[in-house]
Amino acid sequence: MTHPWLSALKIYTHPRVVGMLFLGFSAGLPLLLVLGTLSFWLSEAGIARATIGHLSWVGLAYGFKFLWSPLVDRLPLPILTARLGRRRAWLLLSQVCIALALLGMANTDPVLNLAHTVFFALAVAFASATQDIALDAYRIEAVEVEKQGAMAATYQAGYRIAMITAGAGALWIAAAFDPSEATYDFRPWQVAYTVMAALMAVGIVATLVIREPAHAAPLQRIAGQGVARWLVTSFVQPFVEFFGRFKWQALLILALIAVYRISDVVMGVMSNPFYQEMGFTKDEVATVSKVYGVIMTITGAGLGGLLVLRMGVMRTLFLGAVLSAATNLLFVWLTGRGHDVSALVFTVSADNLSAGIASSAFVAYLSGLVNQNFSATQYALFTSVMLLLPKFIAGFSGEFVDAFGWAAFFTGTAAIGVPVLLLVGLAGRVALAAAPLEQRKHEDRGI
């Protein structure tokens, strides 16, 4: 007789679950190319630090994607929708746009024309956020609720592999073609970004291979119903449906979404400065945090997918919240250890493993809240709410460290995760009862 856990592992052989690995890679590749990697390029090119800081606002496209998500959710694309289906059509369009915009960045030297570089970076961010909208909708509609944890796990695995590629990989390529580290040369960055643009073929091919989800909410064509009615149906109705379904409890759910990842996000902003002050070298941080840490996150995501399948979404969500807050206390311990690589490995391992578990459970939870008739719009709203408050609070993390020190900071990031546990318990009692009928068939066990 097959062991239940071995049987559960078969979920990762499901064709749609496997496909999410490649689509996750396509989603993760552009992010660092308009944020961290681009900042390194601009710094080497001699662009002022203040300017580089302002250009990080390019990433706000991801936080406000809910504004155009109704278009992705309801608007058919000429020719593409008829041939590929609604989700694949938007996926393909956004992926091609990302590749073209990355080629634009590759052929624009910021020293000669910074405005053009910024324009193409904005185009990458906008197209990437659009891809996220379509991809989230595809994932939600492609499989039933109990498979969402596994879908989230393979998505995260592909996403993290892409971040290693776009981070360390792009730097390695640029270094290989750089004749001298002493002076700035545009050519190495041109090669690196051209290679990154070519790697978008991974997502394009995956989109052409996968099948459109069987579920098909009606497309809303402007012709025949008028612009005003189309706008109401596409932009207003998804939000009215969510609040109508959950009523006052919608505020509770949104509160949980807004704070669930707050411990990790606030702590993460200050992690690199902390490593530097503890005396860890760039190579040590890159190896332990950026490569090994990502591997542990992928492992945690896979484990989280299995836990969702075996324990249910809400129990795994609660476990992820406990671990995310508790592992921040390991950084308090690391503060006392100083420059201790073994301690760094242990701390990063535990922190990233818990983050992977929490992320898989959280994605599965958000997927279960969505009405599949408005999947792209509602999920984009949730992910926007998820980012805005933690990012805002994280902006004050440096001042907190200056005032109270590292130990108090990490203790504080653990403490702000405690109320999350209460919200998970309360939300777990209301989410299932108000879930859309077709999703209630896959009942979760709750806490």
* Asked: Of all helices (runs of 4 or more DSSP H) completely enclosed by segment 17-113, which ones contain at least 3 residues that are in the same structural domain as residue 158 (by TED's automatic domain parsing), within 22 Å of residue 209 (Cβ to Cβ) and not hydrophobic (A, V, I, L, M, F, W, C)?
  -> 86-106
* Options 14, 54; residue that is surrounded by fewer than 23 Cβ atoms within 10 Å (Cβ to Cβ), farther than 19 Å from residue 154 by Cα and at pLDDT below 85 -> 54
* Output the residue which, of all residues in segment 234-263 that are more than 14 Å from residue 421 (Cβ to Cβ) and of a type in the set (Gly, Ala, Ser), is surrounded by the most Cβ atoms within 10 Å (Cβ to Cβ). => 234
* In segment 207-238, which residues are modelled with pLDDT of 60 or more and among the hydrophobic types (A, V, I, L, M, F, W, C)? -> 208, 209, 210, 214, 227, 228, 230, 231, 232, 235, 236
* **Check on residue 138, farther than 30 Å from residue 186 by Cα and either buried (at least 24 other Cβ atoms within 10 Å of the Cβ) or out of contact with any Ser or Thr (no Cβ under 7 Å at 6 or more places or on another chain) (or both)** => yes
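Here is a check on your reading of the model: is residue 349 without any contact (Cβ under 8 Å) to a residue 12 or more places away in the chain and either surrounded by fewer than 19 Cβ atoms within 10 Å (Cβ to Cβ) or outside the structural domain of residue 143 (by TED's automatic domain parsing) (or both)?
Details: without any contact (Cβ under 8 Å) to a residue 12 or more places away in the chain: no; either surrounded by fewer than 19 Cβ atoms within 10 Å (Cβ to Cβ) or outside the structural domain of residue 143 (by TED's automatic domain parsing) (or both): yes.
Against the criterion (without any contact (Cβ under 8 Å) to a residue 12 or more places away in the chain and either surrounded by fewer than 19 Cβ atoms within 10 Å (Cβ to Cβ) or outside the structural domain of residue 143 (by TED's automatic domain parsing) (or both)), residue 349 does not qualify.
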* Asked: Would it be correct to say that residue 191 is touching a Phe, Trp or Tyr at 6+ places or on another chain (Cβ under 6 Å), among the β-branched types (Val, Ile, Thr), part of a helix (DSSP H, G or I) and within 30 Å of residue 10 (Cβ to Cβ)?
  -> no
* Asked: Out of all the residues in segment 384-406, which are modelled with pLDDT under 80 and within 16 Å of the chain's Cα centre (by Cα)?
  -> 387, 388, 389, 390, 391
* If residue 195 satisfies every condition in (1) in contact (Cβ under 8 Å) with a residue 40 or more places away in the chain; (2) of a type in the set (Val, Ile, Thr); (3) under 29 Å from residue 46 (Cβ atoms) but one, which is the exception? -> (1)
* Just a yes or no: is a residue in segment 369-382 free of Cβ contacts under 8 Å to residues at least 60 places away in the same chain and either farther than 19 Å from residue 141 by Cα or among the β-branched types (Val, Ile, Thr) (or both)? -> no
* Looking at (1) acidic (Asp, Glu); (2) at pLDDT 85 or above; (3) over 25 Å from residue 154 (Cβ atoms); (4) in contact with a Leu (Cβ under 9 Å, 6 or more places away or on another chain), which is the only condition residue 284 fails? -> (2)
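A quick yes/no check of all residues on (1) closer than 30 Å to residue 45 by Cα; (2) surrounded by 19 or more Cβ atoms within 10 Å (Cβ to Cβ); (3) of a type in the set (D, E, K, R); (4) in contact with a Leu (Cβ under 6 Å, 6 or more places away or on another chain):
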site	(1), (2), (3), (4)
84	no, yes, no, no
88	no, yes, yes, no
101	yes, yes, no, no
105	yes, yes, no, no
* **Residues of segment 175-189 satisfying the condition of being surrounded by 10 or more Cβ atoms within 10 Å (Cβ to Cβ) and under 12 Å from residue 45 (Cβ atoms)** => 184, 185, 186, 188, 189
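The values are calculated or read from the model by the stated rules, or taken from the named source; none is laboratory data. Predicted, not measured: the structure shown is a model, and the values here were computed from it. Every residue, glycine as well, gets a Cβ built from its backbone with ideal geometry; the counts of neighbours run over all protein chains shown.
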